[in-house]
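Peer 1: Take a look at the following structure, please.
The values are calculated or read from the model by the stated rules, or taken from the named source; none is laboratory data. Since we're looking at a predicted model, the values are computed, not measured. Note that we place each Cβ from the backbone using ideal geometry, even for glycine, and neighbour counts take in every protein chain shown.
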Amino acid sequence: MIGQLASTGMISTIDNFVFGVVTSGGTYLLGITDLNALLAYYAANQDNLAIIEVVYKNYVDSGYSYFQNELGLLTFLQTVNMGLTLYKGDVNGFNSWNRIGTNRNRTQIINLNCK
């Protein structure tokens, strides 16, 4: 979806674009950090979205814990290299956001703090 929006010029300011979701486990935003990677990934996979969904489900599943899904989403984004970055919001409101990633072994979630 984000790839389609970007490839058709529907996002006016890439640097300010975020796609958000609020869950019972947290509040998250996806931001575009590498437009070329996103467009290349979308161009290569736009006809195979069902395959992407299958791959995604290897990392994120409703039966997993919040931590497992958060770690899984981060690992998915790193593995497929689609130019997206994940931000996690303060659980007490929408006032504070931290870019999050994984450690080298992809076993822990770390704050990469927004500046």
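Peer 1: Name the single residue that is surrounded by the most Cβ atoms within 10 Å (Cβ to Cβ) among those in the range 1-48 being aromatic (Phe, Trp, Tyr) and not in a helix (DSSP H, G or I). Steps first, please.
Peer 2: Of the range 1-48, the ones aromatic (Phe, Trp, Tyr) are 17, 19, 28, 41-42.
Cutting the leftovers down to not in a helix (DSSP H, G or I) gives us 17, 19, 28.
Details: PHE17: 17, PHE19: 14, TYR28: 19.
Among those that are aromatic (Phe, Trp, Tyr) and not in a helix (DSSP H, G or I), it is TYR28.
Peer 1: Quick one: would you say SER7 is over 16 Å from the mean Cα position of the chain (by Cα) and touching a residue at least 12 places away in the same chain (Cβ under 8 Å)?
Peer 2: On the way: over 16 Å from the mean Cα position of the chain (by Cα): yes; touching a residue at least 12 places away in the same chain (Cβ under 8 Å): yes.
So SER7 passes the test.
Peer 1: Here's a follow-up. If I filter the range 49-65 down to residues being in a helix (DSSP H, G or I) and surrounded by 12 or more Cβ atoms within 10 Å (Cβ to Cβ), which single residue comes out as modelled with the highest pLDDT? Walk me through it before giving the result.
Peer 2: Filtering the range 49-65 down to residues in a helix (DSSP H, G or I) leaves 49-57.
Filter again for surrounded by 12 or more Cβ atoms within 10 Å (Cβ to Cβ), leaving 49, 52, 55-57.
Values: LEU49: 77, ILE52: 79, VAL55: 81, TYR56: 84, LYS57: 87.
Among them, the one singled out is LYS57.
Peer 1: Turning to a different aspect of this structure: Among the residues that make up the range 66-80, is at least one of them assigned to a loop (DSSP other than H, G, I, E, B) and of a type outside the set (Val, Ile, Thr)?
Peer 2: Pass one, the range 66-80, residues assigned to a loop (DSSP other than H, G, I, E, B): none.
No, the range 66-80 has no match at all.
Peer 1: Go over the candidates THR33, THR13 one by one and state the one that is more than 18 Å from GLN78 (Cα to Cα) and β-branched (Val, Ile, Thr). Give the steps one after another, and end with the answer.
Peer 2: Working: THR33 fails: more than 18 Å from GLN78 (Cα to Cα).
Exactly one residue qualifies, and that residue is THR13.
Peer 1: Could you give every pair whose Cβ atoms fall below 6 Å, whose first residue belongs to the range 20-45 and is modelled with pLDDT of 90 or more, and whose second residue is among the β-branched types (Val, Ile, Thr), counting only separations of at least 6 or pairs across chains?
Peer 2: Matching pairs, first to second residue: TYR28/VAL21; LEU29/VAL18; GLY31/VAL18; GLY31/THR85; ILE32/ILE14; THR33/THR85; LEU35/ILE14; LEU38/ILE32.
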